[in-house]
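Q: If you scroll down you'll find the structure; I have some questions about it.
FYI, it's all coordinate maths here, none of it is from the lab. These numbers were taken from a predicted model, which means no experiment stands behind them. Cβ: placed from backbone, ideal geometry, glycine included. Neighbour counts: every protein chain shown.
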């Protein structure tokens, strides 16, 4: 079957336009500003070219569009964040987007995750290739000491934030970046305040991790902190469920039972006075501040109101009454 004449003319016109535009495609734009560009997932080739043109990285988009369609590049653009530090010809930019060369992955680490949970996110996002390798690095005592962390665990030092990493990073580099970020968020004033409270920096971090797991409500954090500070001063066990859960590890299946509260572990704050031996998660700035600046209240108890907030009490009698009111339908399994 002979090709239609209009099609031949159209193809010839596209080829001629490419030939005439080849110099432009092979030459960097006259003006250039170093910048980061985010290629969204699911963006069409036209949308990608429009973004590049708006950012001044390419000139006319039609020749590049034709080139992409003819070579199949339009179907192979990789989403992600790219840093362009020097002027590049449009064809080179297209090649970088096709190969994912120099791509940066944006990963959000929420507050309150454990080291293991963070490793899982990093693996899912392609930042690391192996969760096991990350956990091995996290448990390498010599490596942690090289970072200035002379503690039994990395827990607490992986600061929750939004990060940019390359794919398949070295786990130790990822840990180093996150620990450095933690240090940037821990000013000297925090250490001075910890001394005023009679606590070490590590004890404050541990307390902040418990506060982080107890509530996600900002205004409640200083109140939760006050309860724990008051209990520590009176040498009353903290009785914090999240520490029990952390100590159970993989034995915990999402259903906290009375037998768990009686299970001896170094993290069972029902059985032991004081703080657990390490943080139980990686807390954010609000919880760190709350641990350092508790509310000035006499509360010793709190109970969930089943709406994300808590009821606070000064005495055991008041607390038991609140438990009956708010948790009469939520009986703890035996």
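Q: Rounded to whole Å and ordered largest first, report the semi-axes of the equivalent ellipsoid of region 188-326 derived from its Cα gyration tensor (root of 5λ).
A: Taking √(5λ) for each Cα gyration eigenvalue gives 22, 19, 14 Å.
Q: Moving on. Distances longer than 28 Å among the Cα atoms of region 66-216: what percent of all pairs is that?
A: 36
Q: For the chain, what's the relative contact order in percent, using C-alpha pairs closer than 8 Å and at least 6 residues apart?
A: Once normalised by length, the contact order is 14 percent.
Q: Kindly provide the helix-only [θ] at 222 nm of the chain, computed as the sum of -39,500 (n - 2.57) over DSSP H runs of four or more divided by all residues, to the nearest 500 deg cm²/dmol?
A: After summing the helix terms and dividing by residue count, I get -14000 deg cm²/dmol.
Q: So, one more: I need the calculated FRET efficiency for the pair residue 219 and residue 60, taking r as the beta carbon distance and R₀ as 45 Å, to the nearest 0.05.
A: Plugging the Cβ-Cβ distance into 1/(1 + (r/R0)^6) gives 0.25.
Q: Using alpha carbons only, how many degrees (0 to 90, rounded to 10) separate the axis of helix 201-214 from the longest principal axis of the chain?
A: 80
Q: By count of other Cβ within 10 Å, fewest leading, how are 55, 184 ordered?
A: Listed from fewest to most nearby Cβ atoms, that is 184, 55.
Q: Stick to Cα atoms and the Kirkwood definition of Rh, then tell me Rg/Rh for region 215-294.
A: Rg/Rh: 0.97.
Q: For the residue pair residue 120 and residue 321, what label-to-label distance in nm results when each label sits 7 Å from Cα along the Cα-to-beta-carbon direction?
A: Going by the 7 Å Cα→Cβ label model, 4.2 nm.
Q: Let me ask something additional. When the chain is modelled as a GNM with alpha-carbon springs shorter than 10 Å, which of 240, 60, 322 fluctuates the most?
A: 60
Q: Counting alpha carbon pairs within less than 8 Å and at least 6 residues apart, what relative contact order, in whole percent, applies to region 222-334?
A: Contact order relative to length: 31 percent.
Q: May I pose another question? Before anything else, pin down the relative contact order of region 155-296: Cα pairs under 8 Å, at least 6 apart, normalised by residue count, whole percent.
A: 36
Q: Mind sorting 186, 32, 219 by how few other Cβ atoms lie within 10 Å of their own Cβ, fewest first?
A: By the 10 Å Cβ count, ascending, the order reads 219, 32, 186.
Q: Right, next: Could you give me the radius of gyration and the Dmax of region 137-250, taking only the C-alpha atoms into account and expressing both in angstrom?
A: Every Cα atom of region 137-250 included, Rg and Dmax give 15.9, 50 Å.
Q: Helix 221-233 sits at what angle to the longest principal axis of the chain, using alpha carbons and giving 0 to 90 degrees rounded to 10?
A: For helix 221-233, the angle is close to 40 degrees.
Q: Over region 105-184, consider all pairs of different Cα atoms and compute the Kirkwood hydrodynamic radius from their mean reciprocal separation; express it in Å, one decimal.
A: Hydrodynamic radius (Kirkwood, Cα only) of region 105-184 equals 12.4 Å.
Q: Report the Stokes-Einstein translational diffusion coefficient (µm² s⁻¹, integer) for region 27-115, Rh taken as the Kirkwood radius over Cα pairs, at 10 °C with viscosity 1.306 mPa s.
A: Reported coefficient: 115 µm²/s.
Q: Which residue fluctuates most in the GNM of the chain (Cα springs below 10 Å): 254, 59, 148?
A: 254
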